[in-house]
1. Mind checking which of A34, A178, A98 has the largest fluctuation in a GNM of the chain, springs on alpha carbons under 10 Å?
2. Just report the Cα centroid separation between the stretch 329-401 and the stretch 286-313, whole Å.
3. Order 274-280, 83-89 from most to least packed using the mean count of other Cβ atoms within 10 Å.
4. Say each of Q62 and A98 gets a label point 7 Å from the Cα, pointing the same way as Cα to Cβ; how far apart are those two points in nm?
5. Using the Cα centre of the chain as the reference point, and only Cβ charges (+1 on K/R, -1 on D/E), how large is the resulting charge dipole? Debye, rounded to the nearest 20.
6. Within the stretch 293-314, what residues put their amide N at less than 19 Å from the label point 7 Å along the Cα-to-Cβ vector of V209?
7. Normalising by the residue count of the chain, find the relative contact order in percent from Cα pairs under 8 Å and 6+ residues apart.
8. Please give the length that would be gained between D20 and Y169 if that part of the chain were fully extended, namely 0.36 nm times their separation in residues minus their C-alpha to C-alpha distance (nm, one decimal).
Amino acid sequence: MAETVWILGIHMTKFGKHPDKDLVDLASEAALGALADGGVSINDIQVLAAGNVTGGPAGIGQQLQKQIGQTGIPVYNVTNACATGATAIRTAIMAIKAGEADLGLAVGVEKLSGAGLLGVAGTARADGEPWAPAGRFASVAPMDGWVGTETMPGVFAQIGMQYLNEHAYAGVPLELFARISEKNHAHSTLNPLAAYTKRMSLEQIMNDVMVAYPNTRPMCSANCDGAAAAVLISDAALRRLSLEQRRRAVKISASVLTSDPWTESCQVLPDVSTLTRQAATTAYEAAGVDPADLDLVELHDCFATAELIHYDNLKLCEPGGAVEFFESGATWRDGRQPVNVSGGLQSKGHPIGATGIANVWEICQHLRAEGGQRQIEGAKVGLAHVIGLGSACGVHILEKAA
């Protein structure tokens, strides 16, 4: 069994609108980029995990092979909500750790520009009156517009407000969350692959279109097109490669995937906090690191409200201390623990199937000292986090090669 798995090569496309490219085009660009970055070819790959959520050609992995090389290897087509890319990485890692492969390729891709608001899958209600409860979603999901909401901006707005209420926050929620968004839009100006690279003032963010209080439009993740891919390699195989390939390899110290645990509470509504806390706790134990050891974090800021609660869920602060942690300035690029230096999902964009790998890509740039103008100097340990409602949470802790 391979004790350690490394990222040998990794690549992401420019996120944004790509009307001239389909899913296979984008996936191919990312996959070929990752192979080139690792100094290997498709002939070296022994397992492929391909992630996509919103639907393209049946078997996106097999369609991708037709573009970059069909070698007869096993292909796993992965769908796991917003954690799809992280799940693709995890799938390749498991194959390597099981001894079935020395090199694996994980790819995530999505075409989402112009998709509009996304809701919980499979919970659409009939338009007719009167509403009649039916099925296990009857108690909550079909009541959008009558009681609560099932659209993502609303769901995460409620989660953020609940956190502030539980911890007796006395400030103005709109301004607090707008300042989180202000940080991420400022960070994005240094990321040429982000969908949006325009800095926004606090006033612009607060006065933009209100989507679901306190989330205005700039506080929401940007639906866009994009792909990302990573080449993974066993420790034994890495030792046979060149010094330069080994120098640039990034160690995967922990790879964790969780889902909602059973509770006596509602079995329909997702709990984005508990499964993230469990994933983070397991990852820190597996990697042998403490949250304070992290030099940077890429977390799933699908909305500004989500970023705040995940400071707490990932144990970057004391329980209940997310507001104080943010207000200390720690999460800015020049702070003691930068968060979402890429610009986050609010600026970088959120092509669902690609996001989990793109977050890992960002961490790798800094650990390799290849982050350009946004480089976090001396970065040695980073954490990449994604969460998908349904629910799934992926956490990867990465370390610089010795």
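The values are calculated or read from the model by the stated rules, or taken from the named source; none is laboratory data. What you are looking at is a predicted structure, and each value in this text was computed from that prediction instead of being measured. Please note: Cβ atoms are built from the backbone with ideal geometry, for glycine as well, and neighbour counts cover all protein chains shown. Accessible surface is based on the protein model in full, side chains and every heavy atom, while ligands, DNA and RNA are left aside. Shrake-Rupley method; radii C 1.70, N 1.55, O 1.52, S 1.80 Å.
1. It is A98.
2. After rounding, the separation between the Cα centres reads 9 Å.
3. 83-89, 274-280
4. Taking the two extended label points, one gets 1.9 nm.
5. In total the dipole reaches around 940 debye.
6. 302-305
7. The normalised contact order for the chain reaches 26 percent.
8. Here the segment from D20 to Y169 would lengthen by 48.9 nm.
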